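First up is the structure itself, then whatever we jot down about it.
The values are calculated or read from the model by the stated rules, or taken from the named source; none is laboratory data. This one's a predicted model, so the numbers in the text were calculated from it and none came from an experiment. Please note: Cβ atoms are built from the backbone with ideal geometry, for glycine as well, and neighbour counts cover all protein chains shown. The area values use the complete protein model at the heavy-atom level, side chains included, leaving out ligands, DNA and RNA. Shrake-Rupley method; radii C 1.70, N 1.55, O 1.52, S 1.80 Å.
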Number of protein chains: 6
Amino acid sequence: MELKPRPRVVSPLHLAAGGHEVDNVPVILVVEDDQLVQSIVEESLTEGGFEISIASTGEKAVALLETSEGKYRALVTDINLGQGNLDGWDVARHAREIDPNFPVVYMSGKDADDWASKGVPNSIMLAKPFAPAQLVTAISQLLNASPPIAPPS
Amino acid sequence: MELKPRPRVVSPLHLAAGGHEVDNVPVILVVEDDQLVQSIVEESLTEGGFEISIASTGEKAVALLETSEGKYRALVTDINLGQGNLDGWDVARHAREIDPNFPVVYMSGKDADDWASKGVPNSIMLAKPFAPAQLVTAISQLLNASPPIAPPS
Amino acid sequence: MELKPRPRVVSPLHLAAGGHEVDNVPVILVVEDDQLVQSIVEESLTEGGFEISIASTGEKAVALLETSEGKYRALVTDINLGQGNLDGWDVARHAREIDPNFPVVYMSGKDADDWASKGVPNSIMLAKPFAPAQLVTAISQLLNASPPIAPPS
Amino acid sequence: MELKPRPRVVSPLHLAAGGHEVDNVPVILVVEDDQLVQSIVEESLTEGGFEISIASTGEKAVALLETSEGKYRALVTDINLGQGNLDGWDVARHAREIDPNFPVVYMSGKDADDWASKGVPNSIMLAKPFAPAQLVTAISQLLNASPPIAPPS
Amino acid sequence: MELKPRPRVVSPLHLAAGGHEVDNVPVILVVEDDQLVQSIVEESLTEGGFEISIASTGEKAVALLETSEGKYRALVTDINLGQGNLDGWDVARHAREIDPNFPVVYMSGKDADDWASKGVPNSIMLAKPFAPAQLVTAISQLLNASPPIAPPS
Amino acid sequence: MELKPRPRVVSPLHLAAGGHEVDNVPVILVVEDDQLVQSIVEESLTEGGFEISIASTGEKAVALLETSEGKYRALVTDINLGQGNLDGWDVARHAREIDPNFPVVYMSGKDADDWASKGVPNSIMLAKPFAPAQLVTAISQLLNASPPIAPPS
């Protein structure tokens, strides 16, 4: 696996889907403050054909979720977010208040045990260390199980 | 359906299972402050062969969970618990901190929508009004899916 | 099991849920033209605490679904409905056009094999002969898995 | 709960299903050598509308499965079967060799922990003590998930 | 992601499986009339190790399914197929009439909302735009959940 | 797909997870005696970001599982293991005796039909021929569904 992230591109598949605009492309919101993990997550998801936006704090993530209605299709969040008061558990709850079906994937090392008491229903906890394929499969499973939503006309 | 709850009895099935003592019998902890709902829940679960203990506040429920290790096999909780500071969401989180696999069923009317953001993973929300069979099936499904635990020798 | 169906009553549980009106009570729509099966289905579901409305043709079922928005919480339908042009497959598709999450249970003898090609997603086929408990469990499983909907204020 | 088992009757629902013969009625094969548990299991399943046949040894159960093709729709088996050489794990494997989709429910006290290594896929282990409703739900869940089979014409 | 599809090759894994012939290799039938989407789907599945056959109309797809018994292991179909009278919903129903367990994945933009009423049970709808990893995961999930079938001797 | 396996490396993601040591990295135990299949499985899993250890006999696999507590996170096993007395079914049962939640994936050609009677619960059978993506998805699904375990401090 190469460390250098690829440039993000609009997947040709999106273009093929009838010319939807960039804002209509599914993007995964990644909340992570560690740059090395950021780049690995980015590379894994980009290789799987996803696009991502990165927020380095819980506050920024919540702001993005609240203002960019419908832009994000899923959340991938670390638990401990160094700066700010919100942790990954908080961000996920906010995301679910906005959309009760929002796919949520947590990534954690020492906090993985708390998932049973602090996680939201129908979410997936990836206990570190995990393989990139687990992340891509987790996101795909949750998106494939969600009720499909027609793109706005 | 009769309204008058039956007396609680040790099910013959328990006796048949090799003479385990009363403390080893599976009991459902029900957290509910409304007496009418209490009696209906009690009747439904008793008819299904379960035994129940009732706590009328979240504080009492948490105290029971913390002191009666292994006595309770599942939690059925209302969300709004008039007296005390803990609501049903809190009780469920405490239960999962003690046992990450603890089966949890919520009952609610107006708060059912909050399940996606406030509920614990692998729980079931019964939106009121619901039929008694839904409660019995919910508890049975969760117990049947839990990894079996050998009774202490 | 007695053959004589009990009178339909508003379950006390519904009253307990804060005084919701009759129209707000969950009712199962049963589509069946055979009187004997009607009475057995009615008795099974009533014993489980459900209320039911019976339609004897697909046309009547569709009319009920279209005019009684939100009244019905699930559909139980036979496949072959002697009178009229609509069969159980058609009724289920109509129900799902109105509400994509509507719980659907089919009952059939010789047509059970067609479920894989003619049924709707996330439905259950009960192949006759089946036990009453299978019907009650099927309805309960589907209702318990549905996203909860807050009762209108 | 009364201890005295009801007489076994052909459920009216079966008759209603177009007059299928007795051999075509779904029957649950119960393998249990303890008479008290036998009668409780029998009462629970009969109340749920199932019919049952009881075998008191693994050998008898396997003989019934091999000679009564298609008669049984599910297996409920204890693990320790005092007489004979076959235990419940063996009986389940035989049942699955005959029909790979055969629903299997185990009942056990001290052997419940072995389910993860000795059970067959897609089976349910009921760890004693369990409530009768758990047994009825377990059988119903497995039957409802099985691909429907059209009755022989 | 490169746009140019790779040449289709028999995967070495297939050879390793004891020298099965080409006809015994699992192939995904893709029904799509848009060349750009065709090539993206082909590339995604080929990268995942699948082989594919492409049909550009529903009629051709049905003809392939009917004549090539056992050759195809899953169906990936667009909904709107410009030429011909059959759409993706029709093709999936035909596939399920031939094999009730046949894995089905739909791809659609504006018709994704119809999945709940027009899709077949146990299928997956990929709402456009979707990532290639979602398609590969969807096919893999469905194949992994299907009952295994021994290769013909 | 290239046949030449990549060198095994500690994934950067592991390093990023707070500097856990090599022994703490998740490794998949692969039991396979055919060198060609070995290399394909290795390449597929390595590409997905997993690390693997290979055992060529059931005896060696069991020895590794018993002595390397917590090192392996999942088992991928062929059924027929030429040398030695243990087959893949045996290895999986041993793995589950040590850890009842251990993820198990079987790979087989002619023995795939035996999965329903000889496999362990919650395992996946990949019937040969299968695509590499099916293997990666199978392992990821099982790992993602397992209860997370905090790394030892």
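Structure notes:
- Placing pseudo-labels 7 Å out from each Cα toward the beta carbon at D:Asn80 and C:Ser53 gives an inter-label distance of 5.5 nm.
- Cleavage-rule hits (GluC sites (Glu not before Pro)) in the stretch D:34-136: DSSP loop, at most 14 neighbouring Cβ within 10 angstrom: D:Glu69
- Leaving ligands and nucleic acids aside, the D/F contact buries around 1000 square angstrom of accessible area in total at a 1.4 Å probe radius.
- Distances between placed amide hydrogens fall under 5 Å for F:Met107 paired with F:Thr77, F:Asp78, F:Ile79, F:Leu126, all partners being 5 or more residues away or on another chain.
- Distance (nanometres) between label positions extended 7 Å along Cα→Cβ at C:Ser68 and F:Glu66: 6.5
- Ascending list, in nanometres, of distances separating the F:Asn101 label from those of the other copies (7 Å, Cα toward Cβ): 0.8, 2.9, 2.9, 2.9, 3.2
- Partner shielding of F:36-45 amounts to 3, given as the average count of beta-carbon atoms from other chains within 10 Å of each residue beta-carbon.
- For F:Ser53, residues with placed amide H under 5 Å, excluding near neighbours: F:Ile28, F:Leu29, F:Val30
- Applied to the stretch F:126-140, the Karplus parametrisation 6.51 cos²θ - 1.76 cosθ + 1.60 on θ = phi - 60° returns per-residue 3J(HN,Hα) values of 9, 7, 6, x, 10, 8, x, 5, 5, 5, 5, 5, 4, 4, 5 Hz, with x for Gly and Pro.
- Taking a sphere under 13 Å around the Cβ of B:Leu126 and counting the other residues whose Cβ falls inside, with K and R at +1 and D and E at -1, yields a net charge of -1.
- Copy C relates to copy B by a rotation, and the C residue whose beta-carbon is nearest that axis, with the distance in whole angstrom, is C:Thr137, 3.
- Here the stretch A:64-153 has 47 percent of its accessible surface on carbon and sulfur atoms, given a 1.4 Å probe and all protein chains in place.
- Of the peptides A:83-94, A:30-41, the ranking by mean beta-carbon count within 10 Å, highest at the top, reads A:30-41, A:83-94.
- Derived scalar couplings between HN and Hα for the stretch C:32-41 equal 7, 9, 8, 5, 5, 5, 3, 5, 5, 4 Hz in order, rounded to whole Hz, by the Karplus curve 6.51 cos²θ - 1.76 cosθ + 1.60 (θ = phi - 60°), x for Gly and Pro.
- Neighbouring partner chain Cβ atoms per residue of F:76-84, average, 10 Å criterion: 0
- At least 30 Å² of accessible area lost relative to the chain alone, listed for the stretch F:95-126 with a 1.4 Å probe: F:Asp113, F:Trp115, F:Ala116, F:Ser117, F:Pro121
- For the stretch E:81-153, a crude dipole built from +1 on the beta carbon of Lys and Arg and -1 on the beta carbon of Asp and Glu, taken about the Cα centre, is about 140 debye to the nearest 20.
- Accessible surface area normalised per residue over the stretch A:57-151 is 36 Å², counting heavy atoms of protein chains with a 1.4 Å rolling probe.
- The alpha-carbon of A:Lys60 sits under 16 angstrom from the alpha-carbons of these lysines, leaving out residues fewer than 8 places away in its chain: A:Lys71.
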